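The values are calculated or read from the model by the stated rules, or taken from the named source; none is laboratory data. Computed from a predicted model, the values in this text were never measured in an experiment. Don't worry about glycine lacking a Cβ; one is built from the backbone with ideal geometry, like all the others, and counts go over all protein chains shown. Only protein heavy atoms, including side chains, enter the accessible area calculation; ligands, DNA and RNA are left aside. Shrake-Rupley method; radii C 1.70, N 1.55, O 1.52, S 1.80 Å.
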Amino acid sequence: MTALPQLQIPAVWIAHHHEHWDGSGYPYGFRGTFIRLGSRVLAVADMFDAVISRQSFSDRTRAYQSAARQLQIVSGSQLDPALVETFLGLATEPIALLGRCFAALITR
């Protein structure tokens, strides 16, 4: 039992967000829907953020397109393909996109 019980579920999401859709991830090699939804969402957001963070802020459109391409490349192997499609369909503005994803998780 954790000192902050409200963080138990998010802690599991974080611990498992490096699991891959095809089972090649870690720490346990879970695959597909055996990976918790929160972990799969965090994996998509984490990769998107990693790509966006490496890009220049002077061209947000290009940064977004680069991140979207990277998500599409690993969709079905590293990332849940349905979540990638949903994530990219939510918005074209990166900050709004991340905000909407986290808002959706909170309401679950």
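Output yes when any residue across the stretch 39-56 is aromatic (F, W, Y) and either part of a strand (DSSP E or B) or over 11 Å from the mean Cα position of the chain (by Cα) (or both), and no when none is. No. Within this structure, T61 fails the test of being modelled with pLDDT of 80 or more and open to solvent by 60 Å² or more (accessible area, probe 1.4 Å).
On inspection, S66 fails the criterion of being of a type in the set (S, T, N, Q), assigned to a helix (DSSP H, G or I) and touching a His at 6+ places or on another chain (Cβ under 6 Å). Within the stretch 1-35, if we keep just the residues that are of a type in the set (A, V, I, L, M), farther than 23 Å from I73 by Cα and not in a helix (DSSP H, G or I), the residue that is most open to solvent (accessible area, probe 1.4 Å) turns out to be M1. Taking Q78 as the residue in question, decide whether it is at pLDDT 70 or above, open to solvent by 30 Å² or more (accessible area, probe 1.4 Å) and in contact with a Gly (Cβ under 8 Å, 6 or more places away or on another chain). Spelling it out, Q78 is indeed at pLDDT 70 or above, open to solvent by 30 Å² or more (accessible area, probe 1.4 Å) and in contact with a Gly (Cβ under 8 Å, 6 or more places away or on another chain).
Report yes if some residue within the stretch 15-22 is acidic (D, E) and at pLDDT below 95; otherwise report no. No, the stretch 15-22 contains no residue that is acidic (D, E) and at pLDDT below 95.
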